[in-house]
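Novice: Please find one structure pasted underneath; my questions will follow.
The values are calculated or read from the model by the stated rules, or taken from the named source; none is laboratory data. All of these numbers come straight from a predicted model, not from anything done at the bench. Note that each Cβ is placed from the backbone with ideal geometry, even for glycine, and that neighbours are counted across all protein chains shown. Side chains are part of the model used for accessible areas, which takes the heavy atoms of the whole protein and leaves out ligands, DNA and RNA. Shrake-Rupley method; radii C 1.70, N 1.55, O 1.52, S 1.80 Å.
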Amino acid sequence: MEATIMIYRDTIGRPDAKATVSMFGWFTPAFGSAYYSLSHVNDCPDRKWDGNTAPEAIAAEMEADGWECTIRKDGHGNPVIDCIHKETQAVIDAAQAAASAKFAGAEHGYIRFGALPDGGRSRNHRDNTLESGVSCFEAEIASDGSFRLLLTQVLEVSYLTVADRPAYRLYGDRVGTGADGEPLLRVDRAVKM
């Protein structure tokens, strides 16, 4: 029988290999005894250990389940175990290597999701004002026409709100920066991707 490879994913389906084991309850003994708990944003199973468990024993248990663990101390001197799931990290590393190879000679450009706004200016909906150009995302565009966006954490959230719209490659001059830190362009041409 072939072994099943376990890949843990975050809430939007991306591989996520990180987890942390921390101690809880040590500062409020009136509410119960201290315990260790596995904290994560991926879909790995929740785990708990008694507060008297040696951190080395927890790390050994995690490592037996395919994790690589490092023990350190938090700001209160309590043990913290940083964990990386090896199979998931291998998938992440392979995807990053493939993307780096694919985009090694990529061209810098701009991508917009959704039709161009009338008048050539996007609306800042928070302040209900017009931006100085069309909102878009910076991107690397490979020779085959595929692209990867260059996102900050704020722009990653913005992207999630428009990702289902048609993508356009924009050509033109950058005229500013929008309210979320996105590039603003005076668009000369838009090509549907």
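Novice: I need the full set of residues from the range 132-153 which are within 21 Å of the chain's Cα centre (by Cα) and among the small types (Gly, Ala, Ser), in order please.
Specialist: 139, 146
Novice: Within the range 29-70, how many residues are more than 26 Å from residue 14 (Cα to Cα), assigned to a strand (DSSP E or B) and open to solvent by 50 Å² or more (accessible area, probe 1.4 Å)?
Specialist: 2
Novice: Considering only the range 129-143, state which residues are open to solvent by 50 Å² or more (accessible area, probe 1.4 Å) and either within 14 Å of residue 156 (Cα to Cα) or in contact with a helix residue (DSSP H, G or I) (Cβ under 8 Å, 6 or more places away or on another chain) (or both).
Specialist: Of everything in the range 129-143, those that are open to solvent by 50 Å² or more (accessible area, probe 1.4 Å) and either within 14 Å of residue 156 (Cα to Cα) or in contact with a helix residue (DSSP H, G or I) (Cβ under 8 Å, 6 or more places away or on another chain) (or both) turn out to be 130, 138.
Novice: Residues that are in contact with a Gly (Cβ under 6 Å, 6 or more places away or on another chain), in a loop (DSSP other than H, G, I, E, B) and within 23 Å of residue 12 (Cβ to Cβ): does the range 156-169 have at least one?
Specialist: Yes, the range 156-169 contains a residue that is in contact with a Gly (Cβ under 6 Å, 6 or more places away or on another chain), in a loop (DSSP other than H, G, I, E, B) and within 23 Å of residue 12 (Cβ to Cβ).
Novice: Only one of 177, 129 is more than 18 Å from the chain's Cα centre (by Cα) and more than 28 Å from residue 14 (Cβ to Cβ). Can you tell me which?
Specialist: None of the others qualify; the one that does is 129.
Novice: Might you check whether a residue that is surrounded by 11 or more Cβ atoms within 10 Å (Cβ to Cβ) and in contact with a Gly (Cβ under 7 Å, 6 or more places away or on another chain) occurs anywhere in the range 17-24?
Specialist: yes
Novice: Here is a further query. Mind listing whichever residues of the range 87-123 are part of a helix (DSSP H, G or I), within 20 Å of the chain's Cα centre (by Cα) and touching a residue at least 60 places away in the same chain (Cβ under 8 Å)?
Specialist: 87, 88, 89, 91, 92, 95, listed by residue number.
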